[in-house]
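Everything on this sheet refers to the single structure shown next.
The values are calculated or read from the model by the stated rules, or taken from the named source; none is laboratory data. Computed from a prediction, not measured in an experiment: that's the story for all the values here. Glycine also receives a Cβ, built like all others from the backbone with ideal geometry; neighbour counts cover every protein chain displayed. SASA here: full protein model, heavy atoms, side chains in, ligands and nucleic acids out. Shrake-Rupley method; radii C 1.70, N 1.55, O 1.52, S 1.80 Å.
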Amino acid sequence: MGEQDEKKLLGVGLDVGTMNFVSARRGSDGNIVTSRIRDAFLDLPLEAKKMLKLSGADFVEREDDVLILGDKALETANVFGREARRPLQAGLISPSEIDSLEVLGLLVKSVLGSPLVSGEYCYFSVPAEPVDASDRDVVYHKGIFEKIISELGFTPVSSNEAMGIIYSETAQDGFSGIGISFGSGMTNVALAVNTIEGLSFSLSRGGDWIDSGAAKSIGTTQARICALKEKGIDLRNPLDRTEEAICFYYKALIEYALDQIAKRFIMIQNQFALPKPIPIIVSGGTSLPGSFVEFFISVFERKKKRFPIEISEIRHASQPMNAVANGMLVQAIQEYEE
Ligand SMILES: Nc1ncnc2c1ncn2[C@@H]1O[C@H](COP(=O)(O)OP(=O)(O)OP(=O)(O)O)[C@@H](O)[C@H]1O
Ligand SMILES: [Mg+2]
């Protein structure tokens, strides 16, 4: 590949999430290549090495322990009767996992790989300031990821998570719309007109909140609810009491997000003109159940009369698990455009 061709492929996007890290870059065939790892790990005593070797599991050996990264960590945790550790909680580095920063570096490396050229731009997602968790702060979180990504040889640039959805999904709307990322630890919202961010915030409720709420109300574990939910449910057709409980929490989460959008938009309304109706684009792992968009629309219909923003359409991101990473990539590529 010539120098000119290589330059065409520079720039990488990274979605840093509570449950998943996703990277996106351009492949030589013109396609976008994404890579995902579960944001989890398991640390085992050195003695476990033999058994891990036999089972063929990938692990990282450290001085005092061995680490298993990603989805395999969850499976192996079950075998050992343990729970996998999660370095992030509600979108940000977990205060109880500060000592797992080295592990975060390994997880990021596994999806980013090495830069194509030294100092290649990597745009990575950070949540907006949480409006309902004043004790959480994004400054430390952002600083740590800047450090991790630059130690891998990239030039890191942080960017708002939900704006990623605007960049990847609203070219057809002149980069105007409301992007909502329904994740695991958070729900992130951004409103933009012609790429200009007018409003963004995050809520510390997402898939984990649905799982724990539904679990408490019917007396089971959060992990069980999560597994059942991910196996595939239809929000408009719950099959039993458990699925019904999950649907109640879904409805509450969507109502909460819409109420917060309305409330926060009213606060900035005077400084920000919306020339025409804009779309809402829903994305993220929590938007994957069957009928999610229809369910969202039915919740919205009830609020529409008093909603302060004119909405043209409500639609799903084309790839709900990759939209944020793709949007980060769109911005990274801009660094190389003349
Ligand atoms: N098929 C599915 N149905 C319902 N929920 C799902 C499905 N698959 C994954 N999820 C849920 O999606 C969430 C993970 O989504 P996502 O990868 O977008 O989050 P994240 O970006 O890691 O988190 P955050 O943005 O909150 O930091 C989890 O709560 C998971 O249980
Ligand atoms: Mg996310």
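Residues that are farther than 25 Å from GLU83 by Cβ: find the helices (runs of 4 or more DSSP H) completely inside region 137-229 holding 1 or more of those.
Numbers: elements: 138-151, 161-169, 207-218.
Answer list for region 137-229: 138-151, 161-169.
I'd like the full set of residues that are of a type in the set (A, V, I, L, M, F, W, C) and within 16 Å of ligand 2 (Cβ to nearest atom), limited to region 179-214. Before the answer, list the steps.
Restricting attention to region 179-214, the residues satisfying the condition of being of a type in the set (A, V, I, L, M, F, W, C) are 180, 182, 186, 189-193, 196, 199, 201, 203, 209-210, 214.
Hits for region 179-214 are ILE180, PHE182, MET186, VAL189, ALA190, PHE201, LEU203, TRP209, ILE210.
Just checking, which of THR242, THR286 is under 30 Å from PHE154 (Cβ atoms) and assigned by TED's automatic domain parsing to the domain that holds LEU203? I'd like the intermediate steps shown before the answer.
On the way: THR242 fails: under 30 Å from PHE154 (Cβ atoms).
After ruling out the rest, the residue left standing is THR286.
Within region 164-207, take every residue that is surrounded by 24 or more Cβ atoms within 10 Å (Cβ to Cβ) and of a type in the set (Val, Ile, Thr) and give me the one that is nearest to ligand 1 (Cβ to nearest atom).
THR187
Run down SER158, SER118, SER114 and say which single residue is at pLDDT 95 or above and over 23 Å from ALA323 (Cα atoms). Spell out the reasoning first.
On the way: SER158 fails: over 23 Å from ALA323 (Cα atoms); SER114 fails: over 23 Å from ALA323 (Cα atoms).
Just a single option satisfies the conditions, and that option is SER118.
Could you please let me know if ILE233 is open to solvent by 40 Å² or more (accessible area, probe 1.4 Å) and under 30 Å from ALA77 (Cα atoms)?
Working: open to solvent by 40 Å² or more (accessible area, probe 1.4 Å): no; under 30 Å from ALA77 (Cα atoms): yes.
Against the criterion (open to solvent by 40 Å² or more (accessible area, probe 1.4 Å) and under 30 Å from ALA77 (Cα atoms)), ILE233 does not qualify.
Report, by residue number, each residue of region 75-91 that is part of a strand (DSSP E or B) and open to solvent by less than 30 Å² (accessible area, probe 1.4 Å).
Going through region 75-91, the residues part of a strand (DSSP E or B) turn out to be 85, 88-89.
Across region 75-91, the qualifying residue is only LEU88.
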